[in-house]
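One structure below.
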Amino acid sequence: MGLAGLASGVILAQNWRYLTKEGIKLGVRAGVKVREVSQQAMEDLGDLTAEATQELSEQEREVK
Amino acid sequence: MLPGRVVSPEDSSGIRLLSATRGRERWEVKAIGRKPNVARELEKALLQYPGVLQVNANPVSGRALVLYAPQTVGLHVESLIRESLADLSKRNLARNSNSTNGSSLSRIINLSLPERKVLVAPGLLSIVGHAVGVILGLCFVGIFNTASGKGSGFLRALGLVSKGSRIFFMTSVSLLLIGVELLTRNRRKKAWRRLALDAQHNLRTELVSKIQEQDMAFFDNHGAGNLIKLVTEDTARIKDFVERAGDEIVELGMIIIVYGSLLAITSPGLALITLLTLPFILLSARLFGKKAAERYSAAAAASSDFTQMLENNLTGIADVKSFTAEQREVRRLSEADVQLADTALAAVSVSAIQAQLNFAFTNTGFFLTAAYGGYLATKGKITKGQYFLVAALFPGLVSALKDLDQVTGLYHGAANSAEQLAEVLDSRPAIQSGPLLSFAGSTRGEVALEGVSFGYDPSVQVLNNISLELKQGETLGIVGPTGSGKSTLLKLLLRFYDVNSGRILLDGHDIRQLSLRHLRGALSIVSQDAHLFQGTIRENVVYGQEHASEEQVLEALRDAEALSLIETLPGGLDAEVGERGNRLSGGERQRVAIARALLKLFSGAAILALDEATSQLDNETEAGIKRSLRKAALGKSIIIIAHRLSTIRSADRILVLERGSIIEEGTHETLLAGKGLYASLWQLQNEDPLGKLEVRIS
């Protein structure tokens, strides 16, 4: 167990730059994905509003 | 999903309809995702089309919103997006026209394996498998060192004090690793094979789909044999490369990293000597790479010629036999095969020379390293154990490099195939579908040609300034000597080729503005050499109309005078017709083809075109079909091309073509009265069996 801890410590010490960089990349990627999904959600709302408006106006026309 | 919300399935081109209301459509367009430049270009391109009011292509969401004037007739947003993307892709290709073989290969591999995650499983298996191999090598060195009195301090620290226990431990670890290697080897090979087969499948699907959408000029330029070779042989080369290269690269990478690091730690001087040969290896790759590309290209051309020749031979086998030319054909094919073998050998020999040189360089490196290592060991600058480590590890590196040489051969072949595949995948048909999907009302079938001129080779005109009109429900007969341009007229109407000048209208719309699917769906044609597909009679009749009922199929066969055919053939409707319908006679093939065309007519086609469709039928059968047609094609426009004038005698109007120009026009009676070419032909066919009359055919 101690040996494993020591080995992990050595690996971490030797690779902290790489690991930090990968962590930053992961964060940036997650941010981009969040931006994409939220943008898509906004657009979906716009689409649904347009569809609902059209359906309402069609229904009103039918009633008249 | 809410009512009214439209979500279409995504297709291979990566566009999908997400929402559609009147004058407003939102599309998912994968090509613009995270590509602001492409999104901007798409916006500009779409705004060029009349009726499009506003476009918002968002690279963040990968979607495009198109607002258009809803009253615009025939505006089809999907076609506009596809067309614009195709244009953009063409422009990008033009920019990248200086791409090398290598970049073609990486493009083709990216295309065949669009998702990187599929590489994870085989990659991990390779890492595990080859890591085990590397550790085994280190265990072997460890056992030797322990036996010769040295030993790992690490093992001592684990409590393995005696030499025997350390050797036992390392042997046990080695045996365990051998077991792991055996277990993973098969899975690793299978994983890479599966990945390669998936890549081949994706590539073939993309290629076949690209070939299907090409225009006829493409098929005129590329022979069938060449295209078959591309789909079978060249995609298989890419598959072989993917299957071998990934695994080899992982192996070599691990060996170089592990052994190279050990070498550098043991003695930097030794590591430098090992690297001395590297520039020579790189130089040989550069020198021979170019040569190999040329040779592989020549081999590919020879292979294409051979496939083409074989395809010609097999499709014309009846003529080969009737002219007793079997021996000549065997000789020709044998010569082509020898040529193919020679060029393939020449290509392989370049790769082989490169491989031999690389082997020589690496071996030289080994001996230099061994000699210098021995010198350092005798001087006491490195221990004998370290010297043995270097000497023992080096063959592993050499072996990996030898394997890489085989991959080099595969790479050259795959790079050449990739270039040829890229050429076809990048080619864009000159005949593009128009934006008009449908127009008010159903297709009436009114055709007009206005000053149409055309030549397959623009310098040799086949049709000169042709103008004609076909009204709804009218039957138009076209006659003329061979080569007068009769069949070409139909090819132009189907937009197999575009006119050089003039225009063709269907129901008043220039056919270049119509969607190809709509245009060709409006025409039902039986060509001169009716082609039947391998399969049953039923499959051939319902070809393109798969939802037709049994009653409709039987009705079409009855109208085509082909009902007796299914009554006599064992299996009836499900009787196999053989390859190209070769189990049927010429007349039987024609009748099945007519039934197929009639079924399309029943399904809504507005025009029936028969190009020498009854030439192989006897007069009685032909008369029966004509009677049926009057009923079946009631209200439809009909074009009949025939040499046998009795076939078109009852047409509402007859055109006589000579050398690509209309020289006579009228009904049968008026043309006979005119005493021109038509009258001469009629007389020759009906009244002058001895051929005393001189017919003006030049």
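The values are calculated or read from the model by the stated rules, or taken from the named source; none is laboratory data. In this text the structure is predicted, and so the values were computed from the model without any measurement. Positions of Cβ are backbone-derived with ideal geometry, glycine not excepted, and every protein chain shown enters the neighbour counts.
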Next item on the list: Would you mind listing the strands (runs of 3 or more DSSP E) fully within the range B:407-483 where at least 2 residues are surrounded by fewer than 16 Cβ atoms within 10 Å (Cβ to Cβ) and either of a type in the set (A, V, I, L, M, F, W, C) or on the phi < 0 side of the Ramachandran plot (or both)?
Entry: B:463-470
Notebook entry, point to check: Quick one: is A:GLN14 in a helix (DSSP H, G or I) and either touching a residue at least 12 places away in the same chain (Cβ under 8 Å) or facing another protein chain (nearest Cβ under 8 Å) (or both)?
Noted result: no
Next item on the list: Enumerate the helices (runs of 4 or more DSSP H) found wholly within the range B:170-269, keeping only those where 3 or more residues are crowded, with 19+ Cβ neighbours inside 10 Å, touching a Ser or Thr at 6+ places or on another chain (Cβ under 8 Å) and not assigned by TED's automatic domain parsing to the domain that holds B:GLY374.
Entry: none
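Residue-by-condition table, conditions (1) acidic (Asp, Glu); (2) within 39 Å of the chain's Cα centre (by Cα); (3) outside the structural domain of B:LEU554 (by TED's automatic domain parsing):
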site	(1), (2), (3)
B:ASP574	yes, yes, no
B:ALA632	no, yes, yes
B:ILE639	no, yes, yes
B:ARG644	no, no, yes
B:ALA651	no, no, yes
Item checked: Leading residue by the ranking (farthest from B:ASP87 (Cα to Cα)) among those in the range B:44-74 that are hydroxyl-bearing (Ser, Thr, Tyr) and more than 14 Å from every other protein chain (Cβ to nearest Cβ) -> B:THR72
Next item on the list: Name the residue, out of B:THR184, B:THR146, B:THR171, that is touching a residue at least 12 places away in the same chain (Cβ under 8 Å) and either within 30 Å of B:ILE238 (Cβ to Cβ) or touching a strand residue (DSSP E or B) at 6+ places or on another chain (Cβ under 6 Å) (or both).
Entry: B:THR184
Check: If we keep just the residues of the range B:286-296 that are surrounded by 17 or more Cβ atoms within 10 Å (Cβ to Cβ) and not basic (Lys, Arg), which is farthest from the chain's Cα centre (by Cα)?
Finding: B:PHE288
Notebook entry, point to check: Can you tell me which residues in the range B:1-43 are more than 14 Å from chain A (Cβ to nearest Cβ) and at pLDDT 80 or above?
Noted result: B:GLY14, B:ILE15, B:ALA31, B:ASN37, B:VAL38, B:ARG40, B:GLU41, B:LEU42, B:GLU43
Margin query: Can you confirm whether B:LEU85 is more than 23 Å from B:ASP426 (Cα to Cα), away from chain A (no Cβ under 14 Å) and crowded, with 20+ Cβ neighbours inside 10 Å?
Written below: no
Notebook entry, point to check: Among the residues of the range A:31-49, is any within 14 Å of chain B (Cβ to nearest Cβ), small (Gly, Ala, Ser) and either more than 27 Å from the chain's Cα centre (by Cα) or not in a helix (DSSP H, G or I) (or both)?
Noted result: no
Check: Does A:ARG61 satisfy the criteria of being exposed (fewer than 11 other Cβ atoms within 10 Å of the Cβ), part of a helix (DSSP H, G or I), modelled with pLDDT under 85 and under 28 Å from the mean Cα position of the chain (by Cα)?
Finding: no
